[in-house]
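Chemist: What follows is a single structure, and I will ask about it in a moment.
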Amino acid sequence: MLIYMHSILRLTNRKSRPFLPSICGPGANLSIERTSSAALHVKQLGETQPHHRNLSMAKETHTWIQASEVIPMFPTMVWKISLTPELRDAIDAKAIAALEGLRRDLPVLDPGQGWQSEQTLHQREEFQDLISCVTKFAKSILRFLRVGPDAFEITGCCATVLANGAIHKVHSHPNNFLSGVYYVRIQSGSDTINFHDPRSQTRIIRPPAVELTAKNTDQVVVRVTNGTLLMFPSYLEHSVDTNMGEEERISISFNIMFTSFTEQLSKPLW
């Protein structure tokens with residue numbers, strides 16, 4: 001039996017950046033620090049560099065090489081923004097009140113249990129301020145990616161509540177283009193999300209890493225706070241580790257697809 005140890009990178013922003021939002025992908029200016037847990041923290045030091053920036057392999061001692069470069073290809077990106085405290089507090093108050101109403105007749109979650117709401121929260125009045133932010137965020141990302149068509153829609157939106165000891169297993173969101181999550185209530189011990197390498201071919205050969213870097217890891221851990229809004233490609237698998245906090249972890253997830261595709265292709269799959 002073969003047992004693979006996951007190589008993990010942990011991403012933390014040294015300071016917040018204006019939108020265009022932080023991009024977790026090739027070309028980011030990163031410094032890496034080893035931690036006692038054998039994971040790595042990756043800190044974004046400066047403005048994101050273009051992903052096609054040339055990288056050199058040759059050193060002065062390589063007299064047999066005239067020139068060299070490393071060409072990053074096919075970046076996978078995660079976009080991250082933080083809402084203003086005033087907007088965050090207003091959205092969270094409405095969201096918590098609405099979710100308490102939906103759960104009023106349900107039993108309290110036991111340790112290790114989770115709960116998900118209906119997938120139509122984006123149609124409820126209490127969530128319209130959040131949906132407005134999501135829509136603006138998605139438009140900015142589509143402009144950044146230089147893709148269309150312009151018309152898109154939220155195909156689903158639901159809340160996830162994880163009690164102490166609960167996890168959210170690895171998953172993706174088929175038949176959508178973008179997916180995302182907004183964090184309503186998290187705390188130390190429940191303030192991360194894991195993203196997994198989407199290149200399945202890399203799992204065929206897994207040589208041991210001499211040094212863990214952004215170029216050889218197969219999992220990236222992004223730290224979040226209350227009011228953080230993330231968006232990422234729907235194909236990108238992600239998961240949530242065990243909630244080690246005492247309180248429930250509350251987040252709101254959503255999916256986005258081009259309207260013409262939702263009319264002509266299969267319905268989105270959760």
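Chemist: Inspect region 170-181 for any residue being at pLDDT 95 or above, surrounded by fewer than 18 Cβ atoms within 10 Å (Cβ to Cβ) and of a type in the set (S, T, N, Q) and give the result as yes or no.
Modeler: Yes: one or more hits.
Chemist: Do we find that ARG103 is under 20 Å from GLY245 (Cβ atoms) and either surrounded by fewer than 20 Cβ atoms within 10 Å (Cβ to Cβ) or small (Gly, Ala, Ser) (or both) in this structure? Lay out the reasoning, then the answer.
Modeler: On the way: under 20 Å from GLY245 (Cβ atoms): yes; either surrounded by fewer than 20 Cβ atoms within 10 Å (Cβ to Cβ) or small (Gly, Ala, Ser) (or both): yes.
Yes; evaluated as a whole, the condition is true for this residue.
Chemist: Select from region 156-197 the residues that are more than 14 Å from TRP115 (Cβ to Cβ) and more than 13 Å from the chain's Cα centre (by Cα) and list them in ascending order.
Modeler: Let us first name the residues in region 156-197 that are more than 14 Å from TRP115 (Cβ to Cβ), namely 156-157, 169-183, 186-197.
Correct list: GLY156, CYS157, LYS169, PRO174, ASN175, ASN176, PHE177, ILE186, GLN187, SER188, GLY189, SER190.
Here's the yes/no breakdown for (1) β-branched (Val, Ile, Thr); (2) surrounded by 13 or more Cβ atoms within 10 Å (Cβ to Cβ); (3) modelled with pLDDT of 95 or more; (4) out of contact with any Leu (no Cβ under 8 Å at 6 or more places or on another chain):
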position: SER132; (1), (2), (3), (4): no, no, yes, yes
position: THR135; (1), (2), (3), (4): yes, yes, yes, yes
position: ALA138; (1), (2), (3), (4): no, yes, yes, no
position: ILE141; (1), (2), (3), (4): yes, yes, yes, no
position: GLY148; (1), (2), (3), (4): no, no, no, no
position: THR160; (1), (2), (3), (4): yes, yes, yes, yes
position: ASN164; (1), (2), (3), (4): no, yes, yes, yes
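Chemist: When residues of region 63-111 are filtered for being among the small types (Gly, Ala, Ser), within 30 Å of ARG199 (Cα to Cα) and out of contact with any Ser or Thr (no Cβ under 6 Å at 6 or more places or on another chain), how many remain? Write out each step before concluding.
Modeler: In the first step, residues of region 63-111 are kept if they are among the small types (Gly, Ala, Ser); the result is 67-68, 82, 90, 93, 95, 97-98, 101.
After this cut, where a residue has to be within 30 Å of ARG199 (Cα to Cα) as well, the list is 67-68, 82.
Filter again for out of contact with any Ser or Thr (no Cβ under 6 Å at 6 or more places or on another chain), leaving 67.
The number of residues fulfilling the criteria is 1.
Chemist: Can you name the strands (runs of 3 or more DSSP E) wholly within region 93-195 that have at least 1 residues being of a type in the set (Gly, Ala, Ser) and over 19 Å from GLU237 (Cβ atoms)? Let's see the steps before the verdict.
Modeler: Values: elements: 114-116, 152-162, 168-171, 178-185.
Correct list: 152-162.
Chemist: Turning to a different aspect of this structure: Show me the strands (runs of 3 or more DSSP E) found entirely inside region 212-256 where at least 1 residues are in contact with an Asp or Glu (Cβ under 8 Å, 6 or more places away or on another chain) and modelled with pLDDT of 95 or more. Before the answer, list the steps.
Modeler: Numbers: elements: 219-223, 228-233, 238-240.
Correct list: 219-223.
The values are calculated or read from the model by the stated rules, or taken from the named source; none is laboratory data. For clarity, every value in this text was computed on a predicted model and none was experimentally measured. A quick note on method: Cβ atoms are made from the backbone with ideal geometry, for glycine too, and the neighbour counts reach across all protein chains shown.
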